[in-house]
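For reference, the structure is listed below as structure tokens.
What follows draws every value from the coordinates through simple rules; no lab data is involved. Predicted model, so just to flag it, every value in this text is computed and none were measured. Here the Cβ positions follow ideal geometry from the backbone for every residue, glycine too, while neighbour counts run over all protein chains shown.
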Amino acid sequence: MTEAASIVIKNGRVLTMDVDTPTASALAIRDNRIVAVGNWDDVSGYVGDTTRIIDAGEGTVLPGFNEGHMHIFSGSVSLVQLNVYGLKGFEVLKDAVLDYANANPDLNLLIGNGADYGIIEPKRLSRHDLDAIIADRPFILFAFDHHIAWANTLALEQAGLLHGRDVGVGNEVVMGPDGLATGELREANAFGPVVDLSESGGRDMLGISTGGDPENITDEERNSDIAVIKQGLAYCASLGITSIQNMDGSLYQLELLEEIKNTDGLPCRVRMPFHMKNFMPLSDIQDKAVAWRARFNDDHLRSDFIKMFMDGVIEGETAVMHDDYAHKPGLKGDPLFSQEAFDAIAIAATREGLPIAVHAIGDGAVNMVLNGYEAGIKTTGNVAIRHRIEHIEVVLPTDIPRFKELGVVASMQPPHPPGTGSLPLHPCIDYIGRERWPYSYAWRTLVDAGAKMVFATDWPVCPLDPMVSIEQAMTRQKWADDLQDQRLTLQETLQAYTINGAYVESMEDRKGILKKGYLADIVVLNGDVEAVPSNALSQVRPVVTICDGQVTFEA
């Protein structure tokens, strides 16, 4: 007699991501594994007295979404901060800021997120603009990419930045002709002192800015941080996400997640890196990254890769270009690591079997990272390592085939191309320059050249919702008629959110596919993604999320 399933899903349009059995209509789960996939006849025998039956109502059933690049701590904090994503114009911004300030009278620092670079076009934001909105309370507004922020005068004064400060290579407190800061702060070292004014003391940003841990944490602060992260994880589950790959790391974050895992349980599987910064000794790979991997290494919480930044962002002129920025001859941007230093890290990490994920946006930065990966593979002979590059907003044509040759995964974000969602085309495409447009955000070009692609949102840089991201991937527009359409097919896009995410984690043998014996990570949607128009994909919503065989969200 067949042992009963704990959950059976029926009447679904199941897209398995399994090449051998790509579609089905039903599946059965026992404990945390899938025990059957097929039609009702294949699955009905698993129904017992205690089996829960979920009727998918002809909706799509997919492997749970794998958010391949995000920031769980700062994203969770952003849920209670001001979000100006999509807002345009000074008066609209002013109303939003004042409403938020009035609703939060006790905050030490007002923080806004999601601004595009032309939010008050045609001018660029300055402290004077923010002073005209609110001058009597410190306020900082982050660009959507979280690489640039603008602070009002009071915030700059309290943070000790109004008269400038050396904040290290690749970071800048932008100064005006009056000898005072303009309010624009480029990269984490520059805006970090302002964020430190907040109630959290910037703890949510430590994984990005220093890779380090907070000092002298009280029990109250720790409990508050756990509550914040739990709220963020629940939000992930509500969007059909069952796996998250975090892109900043600290031991503090890992220990918070470990406590959640051991008490309430994690509603999503979490992968957290060791964040290697340019001031850290090479020995940290062995002393910390390898040690973290040994300590955090199960299917719920693992720390088995290294994250790095090679450059910044195009709009902030901190991305590293191979040739000059189109709008500013002589400017290429400064890399955060020399080629020699990065090569040494890549060799050491590859020797230890630790994949690296590097933020590299400009084609010069992407080239340096590929060079380092090649050095690591050739030196160690480890050709199975699954290194990755994050963003790849511009790539040299000669570097395109190297992704396949070196086995490097392209990790890209559908909400990021200029002109997508509420993001403006300018100034980004002007800074890139017309000659580089064919090699910008080149999803199709890279996939056609054999690269494995992973999709994500970089939350809180962009809204986390995978269905919004999938719609944006399918509706992306070309910047000019003579450019190649860089969209992937719907099937390829879904793969980039499921099986490919499992692949880059080296977990494709047990998740990312709906198949007998695989982990029961599943999302049930309320519509048929293959039938709705591309511009309506975001209206298809998760109704049930299952992670490790447990229902983590139900509409």
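Brief remarks follow.
- Degrees, to the nearest 10: 251-262 long Cα axis against longest axis of the chain: 30 degrees
- Tensor-based shape of the stretch 73-170 (alpha-carbon gyration tensor, a/c under 1.5 rounded, otherwise prolate or oblate): rounded
- Peptides 215-227, 157-169, 322-334, 108-120 ordered by average Cβ neighbours within 10 Å, highest first: 108-120, 157-169, 322-334, 215-227
- Computed from the Cβ-Cβ distance with R0 of 25 Å, the FRET efficiency linking Asp106 to Asn216 stands at 0.65.
- Theoretical ellipticity at 222 nm over the chain - DSSP helices of four or more residues, -39500 (n - 2.57) apiece, nearest 500: -8000 deg cm²/dmol
- Placing one equal scatterer on every Cα of the stretch 305-456 and applying the Debye formula, the log10 ratio I(q)/I(0) at q = 0.18 Å⁻¹ is -1.02.
- For the stretch 163-261, the average shadow cast by the Cα convex hull is 8.1 nm², which is a quarter of the hull's surface.
- Calculated on alpha-carbon atoms, Rg and Dmax of the chain in Å: 23.2, 83
- DSSP beta bridges fully contained in the chain are about 45 percent antiparallel.
- If you take all other residues with their beta carbon under 14 Å from the beta carbon of Ala451, and give Lys and Arg +1 and Asp and Glu -1, the sum is +1.
- Packing, as the average of other Cβ atoms within 10 Å across residues, places the peptides 487-499, 407-419 in the order 407-419, 487-499, highest first.
- Summing +1 for each Lys or Arg and -1 for each Asp or Glu among the other residues whose beta-carbon sits under 11 angstrom from that of Pro214 gives -4.
- Asp99 versus Asp298: modelled label distance in nm, points set 7 Å from Cα along the beta carbon direction: 4.4 nm
- Nearby lysines by direct alpha-carbon distance to Lys288 (threshold 20 angstrom, same-chain neighbours under 8 apart not counted): Lys277, Lys307
- Each peptide in 263-271, 42-50, 348-356 receives the mean, over its residues, of other Cβ atoms within 10 Å, and ordering these scores from highest gives 348-356, 263-271, 42-50.
- Taking the longest Cα principal axis of the chain as reference, the axis of helix 90-103 is set at about 70 degrees.
- Net charge in the neighbourhood of Asn171 (other residues with Cβ under 14 Å of its Cβ; Lys, Arg +1, Asp, Glu -1) is -4.
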